[in-house]
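See structure below.
The values are calculated or read from the model by the stated rules, or taken from the named source; none is laboratory data. None of these values were measured; they are calculated from a predicted model. In this analysis, Cβ positions are derived from the backbone assuming ideal geometry, glycine residues included, and neighbour counts consider all displayed protein chains. Areas reflect the complete protein model, heavy atoms only, side chains present, ligands, DNA and RNA absent. Shrake-Rupley method; radii C 1.70, N 1.55, O 1.52, S 1.80 Å.
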Amino acid sequence: MSTDSLRDQHEHLGRSVTRLITDHAARLDSTPVVSAATPDDLRKLFDEPLPQAGLSADEILDQFARDIAPHAMQVPSPHYFGQFNPTPLAIGVWADALCSYLNQNAGAWRNGPTSAMIESQVLRWLCELIGYGKEAFGVLASGGSEANLIALKCARDRVSPDMCRLGTRAGGADLAVYASEQCHFSVEKSLDILGLGRESLRKIKTDDRFHLNVAALREAIKDDLNAGRRPFCIVGVAGTTSTGVIDPLPELAEIARANDCWFHVDAAYGGALAFSDKHKSKLGGIELANSVTFDPHKWMFVPFSCGATLVRDGGQVLRDSFDMSPEYLSEDRGFADAEYDFFRYGQMGTRRFNSLKLWMCFKFMGKRGYAETTNRHLELTGYLASRLDELDDFERTGEIETAVCCFRYLPGSVRALPVAEQDRVQQGLQQRVEKSGKAFFPSTVLHGRRTLRVNINSYLTERRHVDDLIELLISEGQKLAPETPSP
Ligand SMILES: Cc1ncc(COP(=O)(O)O)c(C=O)c1O
């Protein structure tokens with residue numbers, strides 16, 4: 001194929017894809033958020049023999065428009081109130097196309113010189129944002145789960161200089177990690193992957209507002225020390241997955257220091273509070289952490305996927321854990337380019353030029369743009385909470401610290417039911433809303449009770465969408481609640 005034909009293909013596809021995206025974006029407010037299709041329906045749509053002869057791009061895009069886009073979860077919708085999944089910024093979406101076009105292998109400086117530079121730049125911006133000093137550095141990851149894994153590996157490897165070489169044979173049989181029972185499941189999974197076992201995680205109970213209970217943490221550490229085990233890491237969460245609350249970071253930092261533990265803060269979601277002068281004090285103490293997880297693909301509206309592990313004491317900490325020098329990547333090129341070989345800082349080898357979309361989003365929004373959106377989301381969440389508080393049939397659970405609001409539907413007739421039945425009503429309401437296609441939010445379990453959970457994470461969401469949600473909750477709830485028996 002000639003380069004002219006390649007140019008023509010891009011021209012044609014670019015126009016067609018632009019039309020698909022712009023048409024879809026124009027309908028976002030009215031498109032059902034959730035498709036009614038079952039897994040079986042979708043399997044039938046895609047169950048085809050292995051393609052033999054190729055199709056035209058137009059035919060393939062037609063199938064995208066017909067079978068894929070309408071049945072996708074409409075995450076970019078202003079009526080989507082799901083799990084920290086944002087409406088992606090347009091510049092981030094198109095940055096992804098540019099990234100794919102350049103196809104840089106950002107793993108090694110030689111294979112992606114500008115991508116390596118831009119990755120280090122965005123990492124420095126993230127470090128500055130959370131209040132780390134100049135020596136701090138990091139690495140981009142596929143998301144919060146991988147970022148937590150990278151951080152926990154650094155924590156594990158600090159226990160012994162032989163850990164990388166010998167694994168837990170270097171002394172890891174009785175290592176213990178502490179995190180709130182509300183921490184993300186990736187913490188437990190990471191400990192399994194690192195050979196420490198899931199049971200090395202002590203899940204510390206939370207107070208009635210779902211923050212890690214510091215007294216219980218002290219007790220757990222004392223018990224482990226008495227039993228001859230070695231506490232080595234404390235994880236605080238800034239923006240828990242279920243409730244969005246922030247653990248008492250300064251106290252956790254102090255307990256970590258007193259017990260010679262690595263202190264990791266999982267700020268995958270809540271890290272973006274750092275943009276806001278009004279709300280950043282909620283993250284106080286994060287700058288004391290040895291490592292921080294920060295997911296730009298959550299509250300920074302960067303399209304999936306884009307996570308980051310930030311390390312207070314600099315890149316050498318990551319390299320001590322991850323560096324290797326394969327022969328084919330070990331040429332001495334005479335300058336400090338190995339400093340920018342990101343395969344030395346984390347688990348990935350070949351990696352996308354993922355920093356491009358983050359860099360473009362940072363430049364497009366600026367700190368002020370992000371601060372405005374974060375503030376607005378907190379105001380909207382407060383508005384939702386105040387509207388629910390006015391309604392007798394709803395009871396809120398916990399506090400609003402980020403843009404997450406948890407609540408239960410409890411009209412008199414439901415309150416009168418046994419607890420398990422009340423939980424089924426919550427699930428029923430969540431499912432009715434989902435089936436209506438008019439909005440989406442999930443449910444969760446808090447202190448053993450099924451609870452509805454709304455997160456505002458779209459820059460398209462306005463008060464009118466919150467009002468629509470309240471109307472929907474009321475109308476679907478009324479269809480669901482048993483009649484209150486007349487006296
Ligand atoms: C607090 C927290 N940490 C980590 C993660 C994992 O992030 P990811 O899904 O990007 O792997 C999540 C996901 O929601 C989260 O809420």
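Taking trypsin sites (Lys or Arg not before Pro) as exposed when DSSP calls them loop (any state but H, G, I, E, B) and at most 13 other Cβ atoms lie within 10 Å, what is the longest stretch of the chain free of them, the sites themselves excluded?
The answer is 334-487.
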Practice problem: Using the Karplus curve 6.51 cos²θ - 1.76 cosθ + 1.60 with θ = phi - 60°, work out ³J(HN,Hα) for each residue of segment 274-291 in order, rounded to whole Hz, and write x for Gly and Pro. | Solution: 4, 5, 9, 4, 6, 10, 5, 5, 5, 8, x, x, 5, 5, 8, 6, 5, 8
Quiz item: What is the Cα centroid distance between segment 373-415 and segment 87-166, reported in whole angstrom?
Solution: 36
Practice problem: Please work out the FRET efficiency for the pair ARG368 and GLU390, using the Cβ-Cβ distance as r and a Förster radius of 35 Å; give the result to the nearest 0.05. | Solution: 0.60
Quiz item: Can you tell me the accessible area per residue over segment 98-207, all protein chains present, probe 1.4 angstrom, in square angstrom?
Solution: 43
Practice problem: Would you mind checking which residues have amide H under 5 Å from ARG449's amide H? H placed 1.01 Å from N; only 5 or more apart, or other chain. | Solution: none
Quiz item: Can you give the extra length, in nm with one decimal, that the chain gains between MET73 and ASN103 once fully stretched, where that is 0.36 nm per residue apart less the Cα-Cα distance?
Solution: 8.0 nm
Self-check item: Residues whose placed amide H lies under 5 Å from that of ALA141, excluding near-sequence neighbours
Solution: GLY307, ALA308, THR309
Practice problem: Order the peptides 114-120, 268-274 from the highest to the lowest mean number of other Cβ atoms within 10 Å of their residues. | Solution: 268-274, 114-120
Exercise. Would you rank THR3, THR293, THR444 by solvent-accessible area, highest first, keeping every protein chain in place and using a 1.4 Å probe?
Key: THR3, THR444, THR293
Exercise. For THR38 paired with ARG15, estimate the spin-label separation in nm (one decimal), with each label point 7 Å from Cα along the Cα-to-Cβ line.
Key: 4.3
Quiz item: In percent, how large is the relative contact order of segment 54-213, given Cα pairs closer than 8 Å and 6 or more residues apart?
Solution: 12
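What's the carbon and sulfur percent of the chain's accessible surface, probe 1.4 angstrom, rounded to a whole number?
52
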Quiz prompt | Cα gyration tensor, segment 328-487 - rounded (a/c under 1.5), prolate or oblate | solution = prolate
Quiz prompt | ³J(HN,Hα) computed for each position of segment 422-430 - Karplus, 6.51 cos²θ - 1.76 cosθ + 1.60, integer Hz, glycine/proline x | solution = 4, 4, 5, 5, 4, 5, x, 5, 4
Quiz item: Do the alpha carbons of any pairs in LYS280/LYS479; LYS189/LYS282; LYS282/LYS435; LYS134/LYS357; LYS298/LYS479 sit beyond 30 Å of each other, and which pairs?
Solution: LYS280/LYS479; LYS282/LYS435; LYS298/LYS479
Quiz prompt | Residue-level accessible surface for HIS10, protein heavy atoms, 1.4 Å, Å² | solution = 100
Quiz prompt | Residue-by-residue Karplus 3J(HN,Hα) for segment 470-475, coefficients 6.51, -1.76, 1.60, Hz, glycine and proline x | solution = 4, 4, 5, 4, 5, 5
Quiz item: In whole Å, how far is the Cα centre of segment 240-280 from that of segment 188-230?
Solution: 16
